[in-house]
Amino acid sequence: RGPLPPAVGVVTKYWVHWRVATGSRNIALTVIGADLPSYAELSGKASVSMGFVPEFDTVKRKIVWTEKNLLPGKVVDIYFEIAVTPENIHLGNILKLVGETVAKFEFGGAESSKTITIPELTSEIPQDLIGRESGTRVMR
């Protein structure tokens, strides 16, 4: 919701979706987190298929989802909406929506942990055909 491409001084809202699939393993602890830029805020809308909605640390500007004891064969979807308001400095540029996402998993047994890093999410969302047609760089 809001202008596409994003416009300086105008709020545009985007949904962010994280998915965790356990496969055949039990995951004792899952922590997924990402930083939000200074011009982005949580809209207050969020949904998860298991557990609690992500928490936002306003000082560190980090959104984090934590869950214990994910059993084998589970798929968990985490959704949250962000509201971005581009500034003049962003004019003509692709806008960072969410910083690099880091997912940390702790298991029992021989493989004790695993970390997966996903690049930052920008206004140039490859799966968003409408957004690509409308433009991805910040305008006036």
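The values are calculated or read from the model by the stated rules, or taken from the named source; none is laboratory data. In this text the structure is predicted, and so the values were computed from the model without any measurement. Here Cβ is always computed from backbone atoms with ideal geometry, including for glycine, and neighbour counts include all displayed protein chains. Protein only, heavy atoms only, side chains kept; ligands, DNA and RNA dropped before computing areas. Shrake-Rupley method; radii C 1.70, N 1.55, O 1.52, S 1.80 Å.
Quick notes on this structure:
- Heavy-atom accessible surface of the chain: percent carbon and sulfur, 1.4 Å: 54 percent
- Check: the chain dipole with +1 on Lys, Arg Cβ and -1 on Asp, Glu Cβ, in debye: 80 debye
- Residue-count net charge about K74 - beta-carbon cut-off 15 Å; Lys, Arg +1, Asp, Glu -1: +1
- Value of relative contact order over the chain, rounded to a whole percent, pairs C-alpha under 8 Å and six or more apart: 34 percent
- Neighbour cut-off at most 16 other Cβ (10 Å), DSSP loop, GluC sites (Glu not before Pro), region 58-115: E87, E100, E111
- Accessible area per residue, Å², region 19-123 with all protein chains present, probe 1.4 Å: 55 Å²
- P(r) weight above 21 Å for the chain, C-alpha pairs, percent: 46 percent
- Charge-dipole axis of region 1-75 as Lys and Arg at +1 and Asp and Glu at -1 on Cβ define it, positive-most pick from G9, F52, A34: F52
- In the context of the full protein assembly, T122 retains an accessible surface of approximately 30 Å², using a probe radius of 1.4 Å and ignoring ligands and nucleic acids.
- For the set F52, F105, F80, solvent exposure ranked by accessible area (probe 1.4 Å, protein chains only) runs largest to smallest as F52, F105, F80.
- Surface calculation, 1.4 Å probe, protein heavy atoms: K104 sits at approximately 110 Å² accessible.
- Between V48 and A21, full extension at 0.36 nm per residue minus the direct alpha carbon distance yields a gain of 8.4 nm.
- A 1.4 Å probe, protein heavy atoms only, puts the accessible area of H90 near 30 Å².
- Helix-only mean residue ellipticity at 222 nm for the chain, each DSSP H run of n ≥ 4 adding -39500 (n - 2.57), per residue, nearest 500: -1000 deg cm²/dmol
- Among Y14, Y79, the order of accessible area from largest down is Y79, Y14, computed with a 1.4 Å probe on protein heavy atoms.
- Choice from P86, P126, P37 with maximal GNM fluctuation in the chain (Cα, 10 Å cutoff): P126
- With 0.36 nm allotted per residue and the present C-alpha distance subtracted, the L91-K74 stretch has 1.9 nm of extension available.
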